[in-house]
1. Any chance you could count how many residues in the stretch 39-60 are within 13 Å of ligand 1 (Cβ to nearest atom) and surrounded by 22 or more Cβ atoms within 10 Å (Cβ to Cβ)?
2. Just checking, does the stretch 281-293 include any residue being modelled with pLDDT of 50 or more and at negative phi?
3. For the stretch 1-55, how many residues are in a strand (DSSP E or B), farther than 21 Å from residue 73 by Cβ and at pLDDT below 95?
4. Taking residue 65 as meeting all but one of (1) surrounded by fewer than 19 Cβ atoms within 10 Å (Cβ to Cβ); (2) within 12 Å of ligand 1 (Cβ to nearest atom); (3) of a type in the set (Lys, Arg), write down the number of the exception.
5. For the stretch 109-119, what are the residues that are touching a residue at least 60 places away in the same chain (Cβ under 8 Å) and under 24 Å from residue 186 (Cβ atoms)?
6. Which of the residues belonging to the stretch 192-212 are among the hydrophobic types (A, V, I, L, M, F, W, C) and either buried (at least 20 other Cβ atoms within 10 Å of the Cβ) or under 25 Å from residue 66 (Cβ atoms) (or both)?
7. Identify, by number, the condition in (1) under 15 Å from residue 47 (Cα atoms); (2) more than 16 Å from ligand 2 (Cβ to nearest atom); (3) not aliphatic (A, V, I, L, M) that residue 251 doesn't meet.
8. Are any residues in the stretch 132-191 under 18 Å from the mean Cα position of the chain (by Cα), more than 23 Å from residue 207 (Cα to Cα) and surrounded by fewer than 16 Cβ atoms within 10 Å (Cβ to Cβ), and if so, which ones?
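The values are calculated or read from the model by the stated rules, or taken from the named source; none is laboratory data. Just so we're clear, the structure is a prediction, and the values are computed from it rather than from any experiment. Neighbour counts are summed over all protein chains in view; Cβ atoms, including those assigned to glycine, are modelled from backbone coordinates with ideal geometry.
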Amino acid sequence: MPSGPAPQGTSAERPVKIGLSHVRKRFVAGGHDVTAIEDFSFEVRQGEFLAVVGPSGCGKTTLLRILADLERHDDGEVTIVRKDPARPENSMILQGDSVFPWMTVRQNVEFGLRLRRIGRRERARQSGHYLERTGLTRFADSYPHQLSGGMRQRVSIARAFANDPEILLMDEPFGALDEQTKFTLQQELLQLWESTRKTVVFITHSLDEALTLADRVLVMTPRPGRISTVLDVPFARPRDVLSLRRDAHYGDLINRIWTALKPGAPAPPGTGTAAGTGTGTAAGTGTGTATGADTAPAPAAAAEGAAR
Ligand SMILES: Nc1ncnc2c1ncn2[C@@H]1O[C@H](COP(=O)(O)OP(=O)(O)O)[C@@H](O)[C@H]1O
Ligand SMILES: [Mg+2]
């Protein structure tokens with residue numbers, strides 16, 4: 001698939017939506033002092049789809065929780081440029097179930113709109129649209145326990161988009177799904193995103209998923225999480241999950257991300273750098289391991305981010 005110009009110009013031409021400058025986050029718990037994020041400077045442009053990959057425990061979830069204002073950073077600055085104060089700053093989609101089991105599918109999808117006191121008719125219009133887009137119309141009056149895991153993730157996606165947030169934050173949303181369901185949901189997310197062009201930060205373990213969905217892939221170092229490298233993903237949109245994998249550049253990009261994930265790896269040649277920040281190369285600290293487990297589970301995030 002040839003690479004073509006993005007409809008809204010290259011990402012570097014679009015205004016900055018999310019800015020992180022020298023962000024650091026340390027956890028002190030039970031006598032242990034863990035620096036999760038260190039000297040993290042990066043910009044995400046309006047309408048950009050950014051994927052973040054990195055070894056387990058490197059601080060990806062912490063980064064997302066800082067962006068969602070669920071975690072306070074110790075140093076540095078985080079800026080999210082808001083256009084409309086009436087809209088929520090963010091919506092989060094997590095790996096596990098974040099739908100409310102006591103609400104029907106439609107009530108879940110309308111939850112954020114209800115919080116904002118949007119009228120019944122407008123709520124029905126919005127939820128109807130996103131239920132349709134996610135193939136959930138038939139299940140509007142079902143309860144989550146009556147649905148498969150994939151369908152429940154569709155409810156989360158429909159809810160997040162119906163909420164019309166300034167930014168969408170996703171933390172391995174398809175990580176627990178079987179391969180076939182994952183493919184289908186990736187394709188659906190691509191279509192939804194391509195018609196809304198929300199600013200997205202998407203965390204994933206899967207290099208395939210990162211390349212399939214994102215405009216750029218940010219690779220983090222092992223803990224403390226810094227930026228190892230940032231790669232542009234040149235595939236034209238609209239994208240098709242399956243045909244992408246036949247693209248000649250695909251294997252090369254996988255290889256570059258894989259190389260950047262190796263602890264202490266220098267940035268592979270030809271990779272992009274963190275635009276405008278000057279911090280896009282590997283810090284290569286060599287601390288931590290690529291297999292470091294998530295030792296401290298982050299507290300359950302609120303399904304919908306509060307206003308900053
Ligand atoms: N609330 C917390 N208290 C103490 N340590 C934490 C807390 N949350 C995360 N950590 C630690 O911070 C590091 C990064 O965690 P996390 O952001 O969840 O990593 P990732 O999502 O990349 O797997 C890990 O070492 C983890 O144990
Ligand atoms: Mg995580």
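1. Residues of the stretch 39-60 within 13 Å of ligand 1 (Cβ to nearest atom): 40, 52-60.
Of the ones still in play, those that are also surrounded by 22 or more Cβ atoms within 10 Å (Cβ to Cβ) are 40, 52-55, 57-60.
Qualifying residue count, the stretch 39-60: 9.
2. Initial filter on the stretch 281-293 (modelled with pLDDT of 50 or more): none.
Checked the stretch 281-293: no residue is modelled with pLDDT of 50 or more and at negative phi.
3. 0
4. For residue 65, the exception is condition (1).
5. Step one: of the stretch 109-119, the residues touching a residue at least 60 places away in the same chain (Cβ under 8 Å) are 111-112, 115.
Correct list: 112 only.
6. Step one: filter the stretch 192-212 for residues among the hydrophobic types (A, V, I, L, M, F, W, C), giving 192-193, 200-203, 207, 210-211.
Within the stretch 192-212, 193, 200, 201, 202, 203, 207, 210, 211 meet the criteria.
7. Evaluating residue 251 over (1) under 15 Å from residue 47 (Cα atoms); (2) more than 16 Å from ligand 2 (Cβ to nearest atom); (3) not aliphatic (A, V, I, L, M) leaves (1) as the failure.
8. Once the filter is applied, which keeps residues that are under 18 Å from the mean Cα position of the chain (by Cα), more than 23 Å from residue 207 (Cα to Cα) and surrounded by fewer than 16 Cβ atoms within 10 Å (Cβ to Cβ), the stretch 132-191 yields nothing.
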